[in-house]
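Student: Dropping the structure in here first, questions after.
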Amino acid sequence: MTEDLPPSAERWRLILGRDADPENDVPLDIHTRGMDKVLEQLYQPGDRRGGLGASSPGVNRWLGDIRRYFPTPVVQVMQRDALERLNITRMLLEPELLEGLEPDVHLAGALLALRDAMPDTTRETARQVVARVVADLERKWRLPLLTAARRALRSHRRSMRPRPADIDWPQTIYRNLKNYQPDLKTVIPEKLVGFARQGRALQRVILLVDQSGSMAASVVYAGVLGAVLASLPALDTRFVAFDTAVADLSDRLGEPVDLLFGIQLGGGTDIGGALGYAQTLIEKPRETILFLVSDLYEGGSRAAMLQQFGHMVRSGVRVVALLALSDEGAPAYDHDNATALAAMGIPAFACTPDEFSNVLVGVLEGNTPGRR
């Protein structure tokens, strides 16, 4: 019978588990048997569920095995599933296990949520793991985000005598195409087009971030993006986290790991109260952008929340509601509140961190970003 098996039989055997092949008709080599064992420990239903055991060595061996058999993106998914399915969040409280985890944004969110339950030795290890996640994200986003923001901030003022660093080369080439020299195969730029420099902060950006438990990944992303924006002199960036209380963490933007560890994940949600605090930060409404990062599930007064939004919009503040900063698609969110915001002209949509630079540029240039 085994000689008639299709090439994908082993793969299906791994997907469906041992119960799908009680007669062991699908032969597994040593490597595949190892993969099957670690998958069974996590995903096999019934009496074998929770097969990682209660001891740290058992979990540690399993963490090592999944890194041995699977690539990093799969390892991160399996770690996340282990936390949810097997209720082994305790492993995040033990430094020797924490050191063996593959850092990602979801792990960082879990560590932030559990930090108050950690002993001091584990808390320091947790900070190191979160710092690795932050450093990876900063390396990925810093250059494209700052480049896009600088361009948007300077694009509304042109200079025909720009400094070398301020030359807008695409526009310069376009305006000098008539000066193309075929024998030289180049354009002679008779007129330079560039950006005029500004001597003051043009925009205040307020990141108002919902720190309820469901927003963990968004909180991590928002913290890193806020830290990057804060390094741009032309933006005055503020970071405010909230649940039923408000914490202004703007003074920690220079140290994003400290900022994230200042956030209290979990708790209720009072968007109206947070908007009331944000209102105190608005000195020049038409030069202020407010990004609300929230799933819009309001635990306080909905009427008060909508009144705050309306006041901001009428005063000239550009408001954008990001239902999530995440790579995981559309989140659960309050559709009625999103619809009410849209009626006010406030876009409400999910946004991946990679898309955030385009959204920011659109707002800086006076466009309405997003999609519902």
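Results for (1) open to solvent by 50 Å² or more (accessible area, probe 1.4 Å); (2) part of a loop (DSSP other than H, G, I, E, B); (3) farther than 14 Å from Gln279 by Cα, shown as yes or no for each residue.
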{"position": "His311", "(1), (2), (3)": "yes, no, no"}
{"position": "Ala321", "(1), (2), (3)": "no, no, yes"}
{"position": "Glu328", "(1), (2), (3)": "yes, yes, yes"}
{"position": "Asn337", "(1), (2), (3)": "no, no, yes"}
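Student: Can you find a residue that is out of contact with any strand residue (DSSP E or B) (no Cβ under 8 Å at 6 or more places or on another chain), at pLDDT 70 or above and under 23 Å from Val219 (Cβ atoms) anywhere in segment 55-71?
Tutor: Among the residues of segment 55-71, not one is out of contact with any strand residue (DSSP E or B) (no Cβ under 8 Å at 6 or more places or on another chain), at pLDDT 70 or above and under 23 Å from Val219 (Cβ atoms), which makes the answer no.
Student: Something else now. Quick check on my filter: what residues within segment 273-290 are in contact (Cβ under 8 Å) with a residue 24 or more places away in the chain, open to solvent by 10 Å² or more (accessible area, probe 1.4 Å), over 22 Å from Gly362 (Cα atoms) and in a helix (DSSP H, G or I)?
Tutor: Scanning segment 273-290 gives Gly273, Gly276, Tyr277, Gln279.
Student: Mind listing just one residue for me: the one in segment 1-49 that is part of a helix (DSSP H, G or I), of a type in the set (Gly, Ala, Ser) and surrounded by 10 or more Cβ atoms within 10 Å (Cβ to Cβ) and, of those, modelled with the highest pLDDT? Can you show your working first?
Tutor: Within segment 1-49, the first condition is being part of a helix (DSSP H, G or I), and the residues that meet it are 2-4, 9-16, 18-20, 30-43, 46-48.
Those left that are additionally of a type in the set (Gly, Ala, Ser): 9, 20, 34, 46.
From what's left, surrounded by 10 or more Cβ atoms within 10 Å (Cβ to Cβ): 9, 20, 34.
Working: Ala9: 75, Ala20: 71, Gly34: 79.
Per the stated criteria, the residue is Gly34.
Student: Oh, and also: Kindly indicate whether any position in segment 238-245 is assigned to a strand (DSSP E or B), under 24 Å from Gly362 (Cβ atoms) and open to solvent by 10 Å² or more (accessible area, probe 1.4 Å). Steps first, please.
Tutor: Step one: of segment 238-245, the residues assigned to a strand (DSSP E or B) are 238-242.
When the remaining residues are screened for being under 24 Å from Gly362 (Cβ atoms), the result is 238-240.
Adding the requirement that they be open to solvent by 10 Å² or more (accessible area, probe 1.4 Å) leaves 238.
Scanning segment 238-245 turns up at least one residue that is assigned to a strand (DSSP E or B), under 24 Å from Gly362 (Cβ atoms) and open to solvent by 10 Å² or more (accessible area, probe 1.4 Å).
Student: Is one or more of the residues making up segment 255-263 open to solvent by 40 Å² or more (accessible area, probe 1.4 Å) and either of a type in the set (Asp, Glu) or outside any loop (DSSP other than H, G, I, E, B) (or both)?
Tutor: As a first pass, look at segment 255-263 and keep what is open to solvent by 40 Å² or more (accessible area, probe 1.4 Å): 255, 258.
Those left that are additionally either of a type in the set (Asp, Glu) or outside any loop (DSSP other than H, G, I, E, B) (or both): 255, 258.
Scanning segment 255-263 turns up at least one residue that is open to solvent by 40 Å² or more (accessible area, probe 1.4 Å) and either of a type in the set (Asp, Glu) or outside any loop (DSSP other than H, G, I, E, B) (or both).
Student: Continuing with this model, one more query. Keeping to segment 211-231, report how many residues are buried (at least 24 other Cβ atoms within 10 Å of the Cβ) and under 15 Å from Tyr333 (Cβ atoms).
Tutor: Within segment 211-231, residues that are buried (at least 24 other Cβ atoms within 10 Å of the Cβ) and under 15 Å from Tyr333 (Cβ atoms) number 2.
Student: Moving to a separate point now. For Leu107, work out the one condition from (1) more than 34 Å from the chain's Cα centre (by Cα); (2) at pLDDT 70 or above it doesn't fulfil.
Tutor: The failed condition is (1).
Student: With of a type outside the set (S, T, N, Q) and more than 19 Å from Gln203 (Cα to Cα) as the only criterion, which of Arg318, Arg314, Arg286, Arg302 stands out?
Tutor: Numbers: Arg318 fails: more than 19 Å from Gln203 (Cα to Cα); Arg314 fails: more than 19 Å from Gln203 (Cα to Cα); Arg286 fails: more than 19 Å from Gln203 (Cα to Cα).
It is Arg302.
Student: Kindly indicate whether Ala321 is modelled with pLDDT under 95, under 18 Å from Asp210 (Cα atoms) and among the aliphatic types (A, V, I, L, M).
Tutor: Details: modelled with pLDDT under 95: no; under 18 Å from Asp210 (Cα atoms): yes; among the aliphatic types (A, V, I, L, M): yes.
For Ala321, the condition - modelled with pLDDT under 95, under 18 Å from Asp210 (Cα atoms) and among the aliphatic types (A, V, I, L, M) - is not met.
Student: Going by the conditions given, is Leu137 among the aliphatic types (A, V, I, L, M), modelled with pLDDT of 85 or more, open to solvent by 100 Å² or more (accessible area, probe 1.4 Å) and not in a strand (DSSP E or B)? Explain how you work it out, then say what you get.
Tutor: Details: among the aliphatic types (A, V, I, L, M): yes; modelled with pLDDT of 85 or more: yes; open to solvent by 100 Å² or more (accessible area, probe 1.4 Å): no; not in a strand (DSSP E or B): yes.
So Leu137 fails the test.
The values are calculated or read from the model by the stated rules, or taken from the named source; none is laboratory data. Bear in mind that the values here come from a model prediction, so they are computed numbers and not experimental data. Backbone-built Cβ (ideal geometry, glycine too); neighbour counts: all protein chains shown. In case anyone asks, the SASA skips ligands and DNA or RNA and just uses the protein heavy atoms, side chains included. Shrake-Rupley method; radii C 1.70, N 1.55, O 1.52, S 1.80 Å.
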